[in-house]
Amino acid sequence: MIPAVMPTYGRWDVAVDRGEGCYLYATDGRKFLDFTSGIAVTSLGHCHPHLIKAVTEQAQKLWHSSNLFQIPGQQRLAERLTANSFADTVFFNNSGAEAVELSIKVARKYQSETGHPERYRVIGCHGSFHGRSFATLAAAGAEAYLKGFGPVMDGLDHVAFNNLNEMRAAVTDETAAILVEPVQGEGGVLPADPAFLKGLREACDQHGALLIFDEVQTGVGRTGTFYAYMGYGVTPDILTTAKALGNGFPIGAMLTTDKIAAHFKVGVHGTTYGGNPLGAAVADKVVELISDPALLEGVQQRSAAIKAHLKRIDERFSVFKEIRGKGLLIGAELADAYKDRAKDVLNTAAKHGVIMLIAGPNVLRFAPSLIMPMADLDEGFARIEKAIAELAH
């Protein structure tokens, strides 16, 4: 008999009861160091006191009004986001997938309204992940996610990630935009080459296409700058953000410029919940805290510490083929001797009180809180080392 909750997830045998800082507590009394952050979401840890205060104060005033009314907190959040990015304006929604779907709509609308309705195709990259809606699945093009959901939405093309020559060859007079993740998270924690992103910017400028950065996973401090594009020195035309934006409260956003947004008039797009008073209150406090230069500097310090731990473990067990990533989105690809054993590492680490992520069968993915105390980080990798030692013998 099918359970009450539709079984679409391969869940761990852990029922979480509460969280505090970088720890999760299970209903059976187990305590875990959390290197997942809810898949790069709870970047300020669990139950951060400033966020509890923000949501509690707002919950006592107004939860929801709809976007038929002006929402002062939403305005403050938009101003904070534009002050911390290239953007002039923001549209709020509820998730990363919605933000990416909107970015495709905006690119097509812009091209149509500026006299180029023939420009409707969007080029993405193999190995990408942009969400689970029809458009975002088509944008990624992964057969595993598309199987059984055909026909696939038209107008989405794909090239190899980090292959600039292939991307340039794919741009045509029908190209509306190029969509890319600065770091492919689900695809194996693969950072884009700086030359690749710079080449995309040049190709878009040359052909009149728009450059879209999907920063749903890399944004809001995850890579050590507020948005990853800042570390690359390449500015997109449109940026999508979610996950850490609400630190667990569902909120997403699409950021863009006046020039592009000018063609999105009243009634062209909308949402019931997006940017509601509760979400805006939480996200405003998140952005305030994570945009602090000292916090972002701490991300880089923790990143260096994690890479040092992984290097030490590799020197002992020869377990990794490559360690890569940016900031606190780090991937460790397993060596051939451990091929397809990422889940084994994950499950064994859980027995030692650490939970982490994988990115495919061969890559361990680390996305801890941006403010995880260094002592806890060190303790977590001591436990991971014990787990790997157990598997190695």
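Brief remarks on what is shown
Conditions (1) under 25 Å from residue 244 (Cβ atoms); (2) small (Gly, Ala, Ser); (3) part of a loop (DSSP other than H, G, I, E, B); (4) at pLDDT below 95, marked per residue:
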position: 349; (1), (2), (3), (4): yes, yes, no, no
position: 360; (1), (2), (3), (4): yes, yes, yes, yes
position: 365; (1), (2), (3), (4): yes, no, no, no
position: 369; (1), (2), (3), (4): yes, yes, yes, no
position: 372; (1), (2), (3), (4): yes, no, yes, no
position: 376; (1), (2), (3), (4): yes, no, no, no
position: 380; (1), (2), (3), (4): yes, yes, no, no
position: 388; (1), (2), (3), (4): no, no, no, no
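- Scanning the stretch 258-285 for residues that are among the basic types (Lys, Arg), open to solvent by 60 Å² or more (accessible area, probe 1.4 Å) and at pLDDT 95 or above yields one hit, 259.
- Total residues in the stretch 297-324, condition under 15 Å from residue 375 (Cα atoms) and open to solvent by 10 Å² or more (accessible area, probe 1.4 Å): 6
- Pair list, Cβ under 7 Å, 6 or more apart: the stretch 160-177 residue under 12 Å from residue 200 (Cβ atoms), other residue open to solvent by less than 50 Å² (accessible area, probe 1.4 Å) and among the aromatic types (Phe, Trp, Tyr): 162/196; 164/196
- Among the residues of the stretch 48-64, those that are open to solvent by less than 90 Å² (accessible area, probe 1.4 Å) and either more than 24 Å from the chain's Cα centre (by Cα) or aliphatic (A, V, I, L, M) (or both) comprise 51, 52, 54, 55, 56, 58, 59, 62, 64.
- Beta carbons closer than 6 Å, at least 6 apart along the sequence or on distinct chains, pair a first residue in the stretch 291-315 that is under 30 Å from residue 84 (Cβ atoms) with a second that is among the β-branched types (Val, Ile, Thr) for 306/330; 307/323.
- Residues that are open to solvent by less than 10 Å² (accessible area, probe 1.4 Å), over 24 Å from residue 144 (Cβ atoms) and touching a strand residue (DSSP E or B) at 6+ places or on another chain (Cβ under 9 Å), drawn from the stretch 356-374: 368, 369, 372
- Just one of the listed residues (353, 327) is crowded, with 22+ Cβ neighbours inside 10 Å and either under 30 Å from residue 297 (Cβ atoms) or charged (D, E, K, R) (or both), and it is 327.
- Any helices (runs of 4 or more DSSP H) falling wholly within the stretch 106-222 and containing at least 1 residues that are at pLDDT below 95, among the charged types (D, E, K, R) and open to solvent by 60 Å² or more (accessible area, probe 1.4 Å): 143-146
- Residue in the stretch 204-214 that is free of Cβ contacts under 8 Å to residues at least 60 places away in the same chain, among the aromatic types (Phe, Trp, Tyr) and on the phi < 0 side of the Ramachandran plot present: yes
- Test: residue 95 is modelled with pLDDT of 95 or more, within 18 Å of the chain's Cα centre (by Cα) and either closer than 19 Å to residue 255 by Cβ or open to solvent by 10 Å² or more (accessible area, probe 1.4 Å) (or both): yes
- Strands (runs of 3 or more DSSP E) fully within the stretch 1-102 that include at least 1 residues being among the acidic types (Asp, Glu): 16-20, 31-34.
- Condition broken by residue 250, with the remaining ones in (1) farther than 25 Å from residue 108 by Cβ; (2) assigned to a strand (DSSP E or B) satisfied: (2)
- Hits in the stretch 72-92 (condition: of a type in the set (Phe, Trp, Tyr) and more than 17 Å from the chain's Cα centre (by Cα)): 86, 91
- The selection criterion, being open to solvent by 10 Å² or more (accessible area, probe 1.4 Å), without any contact (Cβ under 8 Å) to a residue 40 or more places away in the chain, in a helix (DSSP H, G or I) and out of contact with any Leu (no Cβ under 7 Å at 6 or more places or on another chain), holds for residue 337.
- Any hit, the stretch 307-329, residues being among the small types (Gly, Ala, Ser), in a helix (DSSP H, G or I) and farther than 14 Å from residue 388 by Cβ: yes
The values are calculated or read from the model by the stated rules, or taken from the named source; none is laboratory data. The structure presented is a predicted model; accordingly, all values stated were derived computationally and were not measured. In this analysis, Cβ positions are derived from the backbone assuming ideal geometry, glycine residues included, and neighbour counts consider all displayed protein chains. Keep in mind that these areas ignore ligands, DNA and RNA; they rest on the heavy atoms of the full protein, side chains included. Shrake-Rupley method; radii C 1.70, N 1.55, O 1.52, S 1.80 Å.
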